[in-house]
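Worksheet for the structure shown next.
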Amino acid sequence: MSKEIPAYVAGHQLLAGKHILITAAAGAGIGFSAAQRAVEEGAASLVISDIHQGRLQQAVESLAALDSQCRVRGIVADVTNEEQVQHLVDEAELFSGGIDVLINNAGLGGSCRLEDMPDDAWHRVIDISLTGTMRMMRAMVRYMHPRGRGVIVNNASVLGWRAQTEQCHYAAAKAGVMALTRCAAMESAEFGLRINAVSPSIAMHDFLRKTTPPELLAELSAREAFGRPAEVWEVANVMMFLASDYASYMTGEVVSVSSQHA
């Protein structure tokens, strides 16, 4: 059966009329930039989550000011807590009338050599970055499968492909996100869902500047094809593409937002 070609026109907003849910979207990073871009691309409603109530409320107010036509709601949720994950998805469904796009952005990094790695540090990174992504996907596909439509975009990392010292836990988590994306995409294709991931390298934002030694930032930036880190909106733009109907025949893909695959 052939698929009808969407009526794309000049000035068309990629997410016009869509209902979007984005996790960990209240900071200064990729999640908040994706939320901004979703509003700018015509989303009808937007639900964002974060673990900090104050930061979440500031983000909601900022996003609501971008476009009065987009309804915005913030919900406090920790992706390591199954009850909170289910509450987030249930409330997002009620608020929107049916989520069209889930963007999984919650993740946690850190630096530690394997020989010094405590179990709790390993489990914390895996639980947020990988298992948290799985929890959100699991809760969301239970709504999307019966509807026969929906899009999920996960945030992976080039470290899922590339080796780097002191990143065993984070790289393992992000490689897991890539595998999770591919396998879940195959399971959901029969229901009309698309599941893809972006794989950024280094995307610069204020929190990264505060928490990363300048010499490491300079070293990582020098590896980039353009000799600079990505802006967060450059990663968010790829997320918008994958969330849109322009990517209607893409599923199970991990898109590198850099020149780095290994």
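The values are calculated or read from the model by the stated rules, or taken from the named source; none is laboratory data. All values derive from a computational prediction rather than experimental measurement. Neighbour counts run over all protein chains shown; Cβ positions are idealised from the backbone, glycine included. Each accessible area value is taken on the protein alone, full model and side chains, heavy atoms only, with ligands, DNA and RNA left out. Shrake-Rupley method; radii C 1.70, N 1.55, O 1.52, S 1.80 Å.
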Item to complete: Could you tell me whether Gly132 is surrounded by 17 or more Cβ atoms within 10 Å (Cβ to Cβ), small (Gly, Ala, Ser) and in contact (Cβ under 8 Å) with a residue 24 or more places away in the chain?
Response: yes
Practice prompt. Run Thr212 past the list (1) under 28 Å from Arg182 (Cβ atoms); (2) β-branched (Val, Ile, Thr); (3) at pLDDT below 80 and report the number of the one that doesn't hold.
Written response: (1)
Worksheet item: Being of a type in the set (Asp, Glu), open to solvent by 40 Å² or more (accessible area, probe 1.4 Å), in a helix (DSSP H, G or I) and closer than 22 Å to Met250 by Cβ, is that true of even one residue in the stretch 112-120?
Response: no
Discussion item. Anything in the stretch 159-181 that is assigned to a helix (DSSP H, G or I) and open to solvent by less than 30 Å² (accessible area, probe 1.4 Å)? List them, or say none.
Written reply: Leu159, Gly160, His169, Ala171, Ala173, Lys174, Gly176, Val177, Met178, Thr181
Worksheet item: Taking the stretch 182-230 as the search range and keeping residues that are open to solvent by less than 80 Å² (accessible area, probe 1.4 Å) and of a type in the set (D, E, K, R), which one is nearest to the chain's Cα centre (by Cα)?
Response: Arg194
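Considering only residues that are within 16 Å of the chain's Cα centre (by Cα) and of a type outside the set (Ser, Thr, Tyr), look in the stretch 149-158 and name the one that is surrounded by the most Cβ atoms within 10 Å (Cβ to Cβ). Reasoning before the result, please.
We begin by selecting, within the stretch 149-158, every residue within 16 Å of the chain's Cα centre (by Cα); these are 150-158.
Among the residues that remain, those that are also of a type outside the set (Ser, Thr, Tyr) are: 150-156, 158.
Working: Gly150: 21, Val151: 25, Ile152: 28, Val153: 26, Asn154: 27, Asn155: 28, Ala156: 30, Val158: 22.
Result: Ala156.
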